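Only one structure is covered here, and it is reproduced in the block below.
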Amino acid sequence: MAKSLELRIHKITEIFPFEEKYRSIDQLKRSSASVSNNIAESYYKNSLKEKIYILRNQVITENEETRSNILRCAEKGFLDQNIAELISEDYTQLRKATYGYIKFLRNKFARIDNSLTH
């Protein structure tokens, strides 16, 4: 999901005004890539605490930054409002999926802890 959204962001910023290259375009590309990259990074962390820290404090934060920026770009006229709202909703779904993943991890580690103590 994150990778697909990152690629969509990359594609839609091609229509933005050239003078936004080092402002909106750069920021959107960086934050959308950061969502994907941080999910991958969290996957390879050994401890639950590290995984959840990255997911909550980096993935969710970058996700919301990207979602907010895409809506502002529509307000500035760089992007059709309907497209921005669709992408924003996809980022909302990604945020929900990330929280679902955190819940899954907590449950998984709780089951492992329970099996070790019994």
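The values are calculated or read from the model by the stated rules, or taken from the named source; none is laboratory data. What you are looking at is a predicted structure, and each value in this text was computed from that prediction instead of being measured. All Cβ positions, glycine included, derive from the backbone under ideal geometry; neighbour counts span all protein chains shown.
So the values come out like this:
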item: Test result for Leu28, of a type in the set (A, V, I, L, M), under 15 Å from the mean Cα position of the chain (by Cα) and under 15 Å from Ala97 (Cα atoms); result: no
item: Unique match (being of a type outside the set (S, T, N, Q) and in contact (Cβ under 8 Å) with a residue 12 or more places away in the chain) among Leu28, Leu7; result: Leu28
item: Among (1) touching a helix residue (DSSP H, G or I) at 6+ places or on another chain (Cβ under 8 Å); (2) outside any helix (DSSP H, G or I); (3) of a type in the set (S, T, N, Q) - the single one Ser36 does not satisfy; result: (2)
item: Number of positions in the stretch 25-75 that are of a type in the set (Asp, Glu) and surrounded by 14 or more Cβ atoms within 10 Å (Cβ to Cβ); result: 4
item: Residue satisfying all of: in the stretch 98-118; of a type outside the set (Val, Ile, Thr) and touching a helix residue (DSSP H, G or I) at 6+ places or on another chain (Cβ under 9 Å); modelled with the lowest pLDDT among these; result: Phe109
item: Leading residue by the ranking (surrounded by the fewest Cβ atoms within 10 Å (Cβ to Cβ)) among those in the stretch 1-24 that are in a helix (DSSP H, G or I), aliphatic (A, V, I, L, M) and in contact with a Leu (Cβ under 7 Å, 6 or more places away or on another chain); result: Ile12
